[in-house]
1. Would you say C95 is more than 24 Å from N20 (Cα to Cα), out of contact with any Cys (no Cβ under 9 Å at 6 or more places or on another chain) and among the hydrophobic types (A, V, I, L, M, F, W, C)?
2. Name the pairs whose Cβ atoms lie under 7 Å apart, with the first residue in region 12-28 and surrounded by 18 or more Cβ atoms within 10 Å (Cβ to Cβ), the second among the charged types (D, E, K, R), and 6 or more positions between them or separate chains?
3. Looking only at region 74-100, how many residues end up being more than 20 Å from E55 (Cβ to Cβ), surrounded by 13 or more Cβ atoms within 10 Å (Cβ to Cβ) and hydrophobic (A, V, I, L, M, F, W, C)?
4. From the list E98, E62, E55, E43, which one is out of contact with any Leu (no Cβ under 9 Å at 6 or more places or on another chain), of a type in the set (D, E) and under 17 Å from H26 (Cβ atoms)?
5. For the structure I just gave you, tell me whether L110 is among the hydrophobic types (A, V, I, L, M, F, W, C), buried (at least 17 other Cβ atoms within 10 Å of the Cβ) and modelled with pLDDT under 95.
Amino acid sequence: MATIDETLHPIVVLIDELKNEYIKLHLNSIRRISTIACALGKERTRKELIPFLNENNDDDDEVLLAMAEKLGVFIPYVGGVDHANVLLLPLETLCTVEETFVRDKAVDSLCKIG
């Protein structure tokens, strides 16, 4: 039987990749952000993961695009519509980036949660 540490190891790797400066690893983690959110639980996702994403906006457009896309379907991971407001700040921030396709995806995601 696997220990708790062994079962959480893949999640720890994804969280470490969120902090990684290498775009490929960072992008991989963003694409699997729902896995991280499930492992953290709704409250920790709201209080830790979402603020982390907002504070650590990457300059890479591909990472920002993936984040804008994922946050649009993130309501279940933050605890439902009652807590959807926590997604507004990171999406609003993404609406201000230079690349049009990132802004457009952020607006689409805002419309999905709004």
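1. Working: more than 24 Å from N20 (Cα to Cα): no; out of contact with any Cys (no Cβ under 9 Å at 6 or more places or on another chain): yes; among the hydrophobic types (A, V, I, L, M, F, W, C): yes.
No; evaluated as a whole, the condition is false for this residue.
2. L14/R32; H26/E17; H26/D58; L27/E62
3. So the answer is 1.
4. On the way: E98 fails: under 17 Å from H26 (Cβ atoms); E62 fails: out of contact with any Leu (no Cβ under 9 Å at 6 or more places or on another chain); E43 fails: under 17 Å from H26 (Cβ atoms).
Just one listed residue meets the conditions, E55.
5. On the way: among the hydrophobic types (A, V, I, L, M, F, W, C): yes; buried (at least 17 other Cβ atoms within 10 Å of the Cβ): yes; modelled with pLDDT under 95: no.
Spelling it out, it is not the case that L110 is among the hydrophobic types (A, V, I, L, M, F, W, C), buried (at least 17 other Cβ atoms within 10 Å of the Cβ) and modelled with pLDDT under 95.
The values are calculated or read from the model by the stated rules, or taken from the named source; none is laboratory data. Model, not experiment: these values are computed from the prediction. Methodologically, a virtual Cβ is constructed for each residue, glycine included, from the backbone with ideal geometry; neighbour enumeration extends over all protein chains shown.
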